[in-house]
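The values are calculated or read from the model by the stated rules, or taken from the named source; none is laboratory data. Everything quoted here is computed from the prediction, not taken from an experiment. Positions of Cβ are generated from backbone atoms using ideal geometry, with glycine treated the same way; all protein chains shown enter the neighbour counts. Ligands, DNA and RNA are stripped out before the accessible areas are found, and what is left, the full protein with its side chains, is counted by its heavy atoms. Shrake-Rupley method; radii C 1.70, N 1.55, O 1.52, S 1.80 Å.
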Amino acid sequence: MLRSHLQLPVRKAAFLLLFAAGSLAASGVTAQQVRTAERSVSFKPIGLYQLELDGVIDNEARIYHSAGLGTILVRSPQISRIVELVPRGRQMQAFADKSFFRNVDGTYEKLPNEEPIELGTFQLNGDLASFTVEGRRVAFVKKPHLLGPRDREGLIEHSPAYGERSKIYQPIAQYVDLLKRVEDEVEIRVFFGSFCSVCTEFVPHILATEAALAGTKVKFTYHGLPQNFDDAEAKKLGVTSVPTGIIFQNGEEVGRASGYSWQYPSMTVVNTLSGLKR
């Protein structure tokens, strides 16, 4: 995913484009990947925004998106109902909590035949949505970018969606087993952007893989980049896109991978390491 592609949603009303199949295609996703996304109706947590209620950040609120339905859910303990935003037409409706089923992986499914309460429309200010519900002024605000060296805990603290999405992904067992037997010191240095929708999808895959490899010779480190990529470490290593993972074996770079290579992190690392018996 090239840097110019990453900046596209910010320049063009990100709230509408980010969750549309057309936006995914514009960001370098294949037609098959778009079709796969369209078949998914589960609501997954997203971490690009946080919620503000009456001018105060609601740290307990969560925002979810369904690629298949193309809608966004807002859940907050300060709002009695779940609010669903429909970007096409900017329609807004509310459901009782019982209208959704929570899966064990933290995603939500809308139960059939549930009747919503129509709430009218929401507003867009640039790429940020706002609306009023139950007398509360609700607004999406962008999270500040997560910059510089970070660890697993720092990523999840900044973006709970990373942690929740990591529970959804199951690393490929055969590649994890191979990596558990690695005798060399291996570091995967992951450059990511907290503004990047592809990172939001695949950094949790990396976090899940890191958890599966806890206690082994394979270690992961993370480095957040700004949107203009003006970062000394990224420039030194020639990083021009996110997510990019540079793989070091015994302190020497043996390869790197970017973008959709991180859909399956364990496989990517195994295929990059030298001298690893498969």
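Could you bin all the Cα-Cα distances of segment 37-79 into 5 Å bins starting at 0 and give me the percent of pairs in each, rounded to whole numbers?
Spelled out bin by bin, segment 37-79 gives 6, 23, 28, 18, 13, 8, 3, 0 percent.
Give the aspartates and glutamates whose C-alpha is closer than 14 Å to that of LYS217, dropping any in the same chain fewer than 8 places away, or say none.
ASP177, GLU183, ASP184, GLU185, GLU187
In whole percent, and with a 1.4 Å probe on the protein chains, what portion of the accessible area of segment 182-278 is carbon and sulfur? List each step's numbers first, then the result.
On the way: 1760 of 3780 Å².
Carbon plus sulfur share of accessible area: 47 percent.
Can you give the translational diffusion coefficient of segment 87-212 in µm²/s, computed by Stokes-Einstein from the Kirkwood radius over Cα pairs at 20 °C and 1.002 mPa s? Could the numbers behind the result be given before it?
Numbers: Rh = 18.0 Å.
It comes out at roughly 119 µm²/s.
Short version: ³J(HN,Hα) in whole Hz for each residue of segment 168-174, in order, from phi by Karplus 6.51 cos²θ - 1.76 cosθ + 1.60 (θ = phi - 60°), x for Gly and Pro, what are they?
After applying 6.51 cos²θ - 1.76 cosθ + 1.60, I find 6, 8, 10, x, 6, 4, 5 Hz.
Here is the link list: LYS180/LYS219; LYS44/LYS167; LYS143/LYS236; LYS44/LYS142. Which ones come out longer than 20 Å on Cα distance? Walk me through the numbers before you get to the answer.
On the way: LYS180/LYS219 11 Å; LYS44/LYS167 11 Å; LYS143/LYS236 27 Å; LYS44/LYS142 18 Å.
The pairs that break the limit, which is 20 Å between Cα atoms, are LYS143/LYS236.
At a 1.4 Å probe radius, carbon and sulfur cover how many percent of the accessible area of segment 29-155? Intermediate values should be presented prior to the final figure.
Working: 3320 of 6610 Å².
Heavy-atom surface of segment 29-155 belonging to carbon and sulfur, 1.4 Å probe: 50 percent.
What is the spread of the Cα atoms of segment 156-198 along each of their three principal axes, largest first, in whole Å?
That works out to 35, 22, 19 Å along the principal axes.
Go through segment 66-77 residue by residue and turn each phi into a ³J(HN,Hα) via Karplus (6.51, -1.76, 1.60, θ = phi - 60°); whole Hz please, and just put x for glycine and proline.
10, 5, x, 8, x, 10, 10, 9, 10, 10, 8, x
Choose one of LEU111, VAL133, GLY148: the residue whose Cα lies farthest towards the positive end of the charge dipole of segment 91-194 (beta-carbon charges +1 Lys, Arg; -1 Asp, Glu; about the Cα centre).
Result: VAL133, furthest along the dipole toward the positive end.
Debye sum, Cα scatterers, segment 173-273, no solvent: what log₁₀ I/I(0) at q = 0.22 1/Å?
Values, matching the q order: -1.15.
So how far apart, in nm, are the two label points at ARG137 and GLN263 if each is 7 Å from Cα heading toward Cβ?
4.3
For PRO144, what is the net charge nearby, where nearby means another residue's Cβ is under 15 Å from its Cβ and Lys, Arg count +1, Asp, Glu -1?
Numbers: positive: LYS142, LYS143, ARG150; negative: GLU52, GLU157.
Once positives and negatives cancel, what remains is +1.
Tabulate in residue order the Karplus-calculated ³J(HN,Hα) for segment 203-220, using 6.51 cos²θ - 1.76 cosθ + 1.60 with θ = phi - 60°, rounded to whole Hz; enter x for Gly and Pro.
Taking θ as phi minus 60°, the curve returns 4, x, 4, 5, 4, 5, 5, 4, 4, 5, 9, 4, x, 9, 7, 9, 10, 10 Hz for segment 203-220.
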